[in-house]
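Single-structure report; data block below.
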Amino acid sequence: CFDETKPDAINRLTGKQPRLIEVFVEDDLAMAIIKKIAGQLRISKHVSVQRFGAAINCFTVLAGLCLRGENCENSIFVLDGDVYRTQEEQEKRLEAVLTGNDEHAKSLRESSLTKIKCLNLTENTEPEKYIHSIIIALEDTDDNERNEIIEVAKQIVAVDNSHKFVDDIIQSLDLNRDVRLSKIVDLIRSTQEWVNYVSNVNDWLTSKKELVQETTPQE
């Protein structure tokens, strides 16, 4: 046992890479966004990103972990930001899955609430529509691959499901979904909107850098 040992040191000793940070998200688009943030902070190898599905599942999974006594100190649950946006809405859902008026139940709900983060969407806008709106506002550059994504996005005007604002771009370009999602996220990462959009998650992951990154000893 080594007190205060960082994950990279464990990796060199054992050949295994522990992932101390957990981020739970709704879907693969959110997963791509989280991976991009972690990459920017140079902590990707320390971050595990997992899906819980529909937004309402966030509260069920979080409650289940808390009731099992799991240590969620280094975990967050990220909502897309189109539903359960306010603290009041989140508290109401937590009260439905973490019932009771005793001090233990209240403490669980309070600690659980701090584990929920939202991406900052414009109100009454779905995530995919918001991302689409950012892309079509971009100007062409000398990067033809980037220009093609913008061109395809501009051709998508009306859809019967908001997910298609992104899904139709991927389908039109006929590439691996994960690869194309990463490229779409790269596009919005180059905009001013990105900083505000991911600020809640970025701030939390930044606060965890010290947990996983080795520091260079001072002479």
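Tell me, please, whether a residue that is within 30 Å of PHE165 (Cα to Cα), β-branched (Val, Ile, Thr) and either surrounded by 19 or more Cβ atoms within 10 Å (Cβ to Cβ) or over 24 Å from the mean Cα position of the chain (by Cα) (or both) can be found in the stretch 90-102.
Keep residues of the stretch 90-102 that are within 30 Å of PHE165 (Cα to Cα), which gives 90, 93.
Restricting the remaining residues to those that are β-branched (Val, Ile, Thr) gives none.
The answer is no; no qualifying residue exists.
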Any idea which of (1) open to solvent by 50 Å² or more (accessible area, probe 1.4 Å); (2) in contact with a helix residue (DSSP H, G or I) (Cβ under 8 Å, 6 or more places away or on another chain); (3) at pLDDT below 95 is the one CYS72 doesn't satisfy? (1)
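Do any helices (runs of 4 or more DSSP H) lying entirely in the stretch 65-173 carry at least 3 residues that are among the polar types (S, T, N, Q), and which ones are they? I'd like the intermediate steps shown before the answer.
Working: elements: 87-97, 103-113, 127-136, 144-154, 164-173.
Correct list: 103-113.
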Given the conditions (1) crowded, with 18+ Cβ neighbours inside 10 Å; (2) over 15 Å from the mean Cα position of the chain (by Cα); (3) closer than 30 Å to SER48 by Cβ, and given that ALA153 satisfies all but one, which numbered condition is not satisfied? (3)
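Within the stretch 111-126, take every residue that is of a type outside the set (S, T, N, Q) and modelled with pLDDT under 95 and give me the one that is most open to solvent (accessible area, probe 1.4 Å). Outline the logic, then answer.
Taking the stretch 111-126 and keeping what is of a type outside the set (S, T, N, Q), we get 113, 115-119, 121, 123, 126.
Remaining after also requiring modelled with pLDDT under 95: 121, 123, 126.
On the way: LEU121: 13, GLU123: 124, GLU126: 71 Å².
Checked the stretch 111-126; the qualifying residue most open to solvent (accessible area, probe 1.4 Å) is GLU123.
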Positions within the stretch 91-109 being in contact with a helix residue (DSSP H, G or I) (Cβ under 9 Å, 6 or more places away or on another chain), within 23 Å of ASN200 (Cβ to Cβ) and free of Cβ contacts under 8 Å to residues at least 24 places away in the same chain, in sequence order: GLU91, GLU95, ARG109
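The values are calculated or read from the model by the stated rules, or taken from the named source; none is laboratory data. Everything quoted here is computed from the prediction, not taken from an experiment. Reconstructed Cβ throughout: ideal geometry from the backbone, glycine too, with neighbour counts over all protein chains shown. Accessible surface is based on the protein model in full, side chains and every heavy atom, while ligands, DNA and RNA are left aside. Shrake-Rupley method; radii C 1.70, N 1.55, O 1.52, S 1.80 Å.
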